[in-house]
Each structure stands twice: as structure tokens, then as C-alpha cells.
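Where a number appears in this text, it was derived from the coordinates with a stated rule and is not lab data. Keep in mind that what you see is a predicted model, and the values were worked out from it rather than measured. Using ideal geometry, Cβ is built from the backbone for each residue, glycine included, and neighbour counts are taken over all protein chains shown.
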Amino acid sequence: MAYRRADRVNALLQRELANLISEELRDPRISFPTVTSVETTSDLRTARVFVSVLGDDTAVASTMKALNEARPFIRHEVGERTDLRFVPEIEFVNDGSAARAARIATLLRQAHEGEAKP
């Protein structure tokens, strides 16, 4: 399969957004976000940014709200930092895969400990 331009744009956006969110945004509502992946449409007009947030449901909700409110600033900064002809519209999506993975690891550990006890 050929290496598509969208894949290169996804990697570029993920790198720039992770750097921008962790170093430039000073909103106290944002708590430990990690940009896990970026998916752009084939026409490169829209980008879904998957963000994993460390914390409880309140931290996740406040972080996602703050990121959505900062979208114009973030999009402008991405345009300044990259050579993209058109900066895609950004949509932040909560990525709960890290939380699910931690829950599964905890359940497996508990099951293993249960088997080890006579």
C-alpha cells in the first residue's frame, strides 16, 4: 500500500498538537492530556484528534471543554508552525482506550492473584 499524504499529515499534526497542547496552553482546566492519534479525512479538510486524559470523569470533561474552546488558537498556531496549504478543522475526541487498557490490566491482575491463592 502506498504511503498516503494523509498519513504524513496525521503524523505532523500529532507531533505539533502534542507539543502545542503540552507547552503552550496554560489553561488550568487542562489536566495531563496526551494526543494519541490524529485522523484526517481524505481531502485533508477535517482532523479528528484523539486525546487521552489522565484523571477522573470531571478532569476529562473539563479538559475536553477547554481544548474545544481553544480550537481557533490551536488551529492558528498549527498554521504558523507548519507548511500546510490548508490547516484542517480540528475536532477533539476523548480517547478512552488508555483507561480501558488500565481497567483490563487491573482485572487480569486480580484474576491472576485469585488463581495464585489456594
#### Entry: Positive-pole candidate from LEU54, ALA66, LEU44, dipole of the chain, charges at beta carbon
LEU44
### Query
Karplus couplings for region 88-103 from phi (6.51 cos²θ - 1.76 cosθ + 1.60, θ = phi - 60°), rounded to Hz, Gly and Pro as x?
x, 5, 9, 10, 8, 10, 5, 9, x, 5, 5, 5, 5, 5, 5, 5
### Convex hull volume of region 1-47 per residue (C-alpha atoms, cubic angstrom)
78 Å³
### Query
Across 10 Å bins from the origin, how do the percents of Cα pairs in region 5-116 run, short distances first?
14, 42, 25, 12, 6, 1
### Query
Between ARG103 and ARG48, what is the label-to-label distance in nm when each label sits 7 Å out along the Cα-to-Cβ direction?
1.9 nm
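Let's see if you can work this out: charge +1 on each Lys and Arg Cβ, -1 on each Asp and Glu Cβ, no other charges. What is the dipole magnitude of the chain about its Cα centre, in debye to the nearest 20?
220 debye
So for the chain, averaging the separation of alpha carbon pairs under 8 Å that are six or more residues apart and normalising by length, what relative contact order in percent results?
The value is 25 percent.
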### Task
Just tell me the longest site-free run in the chain, where the sites are chymotrypsin sites (Phe, Trp or Tyr not before Pro) in a DSSP loop having at most 14 other beta-carbon atoms within 10 Å.
4-85
